Amino acid sequence: EVQLVESGGGLVQPGGSLRLSCAASGFTYSSYCLGWFRQAPGKEREGVASIDSDGSTSYADSVKGRFTISQDGAKNTRYLQMNSLKPEDTAMYYCAVDLGKMSSVQALRNDHGMDYWGKGTLVTISS
């Protein structure tokens, strides 16, 4: 079965850092595209960061320069390094994969095109 499991969420103070992980089973990241999405209460789900099978990355303007998604072929896990966190980053974070050949740009802007989703990990930024 295809399964995605996020981890690494938690409570952190503004300006702090977290690293989220997305572990995959049932497929390999090498041939697919992965995106990170988030949804805060009362807000629409938005794309945060994405990486495609070629290693190309895309970021939302709100996180660019602060978040980094990494390419890791050694393990079937992808990471989202989150630095300089702000209260507005508080949300449930999800990883999702497209089993087709979506580009990172497409993935960031087309959450409905993602085929599989993890259950999410909660990130709370508060003092």
Given (1) modelled with pLDDT under 95; (2) open to solvent by less than 70 Å² (accessible area, probe 1.4 Å), K75 misses just (2)
task: Kindly indicate whether any position in the range 51-58 is open to solvent by 20 Å² or more (accessible area, probe 1.4 Å), out of contact with any helix residue (DSSP H, G or I) (no Cβ under 8 Å at 6 or more places or on another chain) and at pLDDT 95 or above.
output: no
Item to complete: Looking only at the range 4-11, decide whether some residue is part of a loop (DSSP other than H, G, I, E, B), touching a residue at least 40 places away in the same chain (Cβ under 8 Å) and closer than 25 Å to T124 by Cβ.
Response: yes
Answer yes or no as to whether R66 is in contact with a Leu (Cβ under 9 Å, 6 or more places away or on another chain) and either open to solvent by 50 Å² or more (accessible area, probe 1.4 Å) or farther than 22 Å from E1 by Cα (or both). yes
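Please enumerate the residues belonging to the range 12-22 that are farther than 17 Å from M114 by Cβ and not in a loop (DSSP other than H, G, I, E, B).
Step one: of the range 12-22, the residues farther than 17 Å from M114 by Cβ are 12-19, 21.
Those that are farther than 17 Å from M114 by Cβ and not in a loop (DSSP other than H, G, I, E, B): V12, L18, R19, S21.
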Original post:
If we scan the range 102-118, do we find a residue that is among the hydroxyl-bearing types (S, T, Y), more than 12 Å from A49 (Cα to Cα) and open to solvent by 60 Å² or more (accessible area, probe 1.4 Å)?
Top reply: yes
- Query: Given the structure, is C95 modelled with pLDDT of 95 or more, within 17 Å of T121 (Cα to Cα) and either acidic (D, E) or in contact with a Leu (Cβ under 7 Å, 6 or more places away or on another chain) (or both)?
  - Reply: yes
The lone condition A96 fails out of (1) touching a helix residue (DSSP H, G or I) at 6+ places or on another chain (Cβ under 9 Å); (2) over 19 Å from H112 (Cβ atoms) is (2)
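Checking the conditions here, which among R45, R19 is open to solvent by 60 Å² or more (accessible area, probe 1.4 Å) and touching a helix residue (DSSP H, G or I) at 6+ places or on another chain (Cβ under 7 Å)? Can you show your working first?
On the way: R19 fails: touching a helix residue (DSSP H, G or I) at 6+ places or on another chain (Cβ under 7 Å).
Among R45, R19, only R45 is open to solvent by 60 Å² or more (accessible area, probe 1.4 Å) and touching a helix residue (DSSP H, G or I) at 6+ places or on another chain (Cβ under 7 Å).
The values are calculated or read from the model by the stated rules, or taken from the named source; none is laboratory data. Remember, predicted model here, so these are calculated numbers, not experimental data. Counting neighbours? That spans all protein chains shown, and the Cβs are built from the backbone with ideal geometry, glycine included. Quick note on the areas: whole protein, heavy atoms, side chains included, nothing else; ligands and nucleic acids left out. Shrake-Rupley method; radii C 1.70, N 1.55, O 1.52, S 1.80 Å.
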